[in-house]
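Below is one structure; the comments refer to it alone.
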Amino acid sequence: MALVLNTGPAIEPVSLADAKAHLRVDTDTEDVLIAGLVAAARIHVELATGRLLITQGWSVFLDAWPKDRAVTLPLAPLQSIDAVRLHGDGDEPVEADLGAFVADTVSHPARLVRRTAAPWPVPGRPALGIEIALTAGYGDAAADVPAPLVQAILLLAAHWFENREPVVFGEPATVPLAVAALLEPYRARRLG
C-alpha cells in the first residue's frame, strides 16, 4: 500500500495568532519558526492518531484487492471516496463505477466496500495498479477539529519552542505526557 497526498490542508488547525498567544510571544521575529512548529505538531498528531485534522485529498494505491469485500483505508475520518482507478502499464487509468462501492465513513479505520459479490475489477499492472482517491479530515475549518487535538498541537508546539534541541539533559527529547494523554482517546483500537 502506498499513500500519495494530492491536496494538503488549506489551513492549520491552530492559527499563528493563537499559537503566539499560547506561547506569550508578542513580536514577529519568530513567526516562521512558530508556524513551522504548528505544522510539525499537526503532522505528529495526525500520525499518532491516524486521523487527518483538516480536509485533505489523498490517493491510496494497492497492488491487489483483498480477498473479502472490503478495503481497509488508513486515513480517517473519511469524508468521501472520489474515484477508484485501475492503472495499466503506460495507459491512462480507467475509472471504475463508484456505484459499485460503498464508502464506510463511520468506521475507524474507514473502508471501501464492494456492493455485490461480483469480482473486483482487475488492474492492468501488478504493482500499484489500484488507486482509491479519497477526501478525509474533520472538516475545512479549525473549528471542526476536536478541542483535545487542538490543545495537543498547542502543547507540543510550545514544548518544541522551549526545547529546541533533540536531547534534553543527556536524554532524547520525548513527547510530553500531557500531549500523549490528549491523543490517547483518538488512537485506533483493535477489539478482540
Practice prompt. Grab the DSSP H runs of the chain that are 4 residues or longer, score each as -39,500 (n - 2.57), total them, divide by all residues and round the 222 nm result to the nearest 500 deg cm²/dmol.
Written response: -8000 deg cm²/dmol
Worksheet entry | Approximate shape of segment 56-136 as ellipsoid semi-axes (Cα gyration tensor, √5λ), whole Å, largest first | 20, 14, 11
Worksheet item: Can you tell which of Glu95, Glu12, Glu131 shows the greatest fluctuation in a Gaussian network model of the chain with Cα springs below 10 Å?
Response: Glu95
Discussion item. Can you compute the charge dipole magnitude of segment 2-98 about its Cα centre, using +1 on each Lys and Arg Cβ and -1 on each Asp and Glu Cβ, nothing else charged? Give it in debye, rounded to the nearest 20.
Written reply: 440
Worksheet item: How large is the charge dipole for the chain, taken about the Cα centre, if only the Cβ atoms of Lys, Arg (+1) and Asp, Glu (-1) carry charge, to the nearest 20 debye?
Response: 860
Practice prompt. Pick out which of His87, His108, His22 has the largest mean-square fluctuation in a Gaussian network model of the chain, springs linking Cα atoms closer than 10 Å.
Written response: His22
Worksheet entry | For Leu154, Leu53, order by how many other beta-carbon atoms lie within 10 Å, fewest first | Leu154, Leu53
Discussion item. Could you tell me what a quarter of the Cα convex hull surface of segment 1-69 works out to, in nm² with one decimal place?
Written reply: 6.2
Worksheet item: Pick from Gln151, Gln56, Gln79: which residue has the top mean-square fluctuation in a GNM of the chain where Cα pairs under 10 Å get a spring?
Response: Gln151
Worksheet item: segment 48-113: which trypsin sites (Lys or Arg not before Pro) are DSSP loop and have at most 12 other beta-carbon atoms within 10 angstrom?
Response: Lys67
Item to complete: Calculate the radius of gyration of the Cα atoms of the chain to one decimal place, then report Dmax, the largest Cα-Cα distance, as a whole number, both in Å.
Response: 19.8, 62
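Read the figures in this text as sums done on the coordinates, not as results from a lab. Because the structure is predicted, anything quoted here is derived from the model rather than measured. Please note: Cβ atoms are built from the backbone with ideal geometry, for glycine as well, and neighbour counts cover all protein chains shown.
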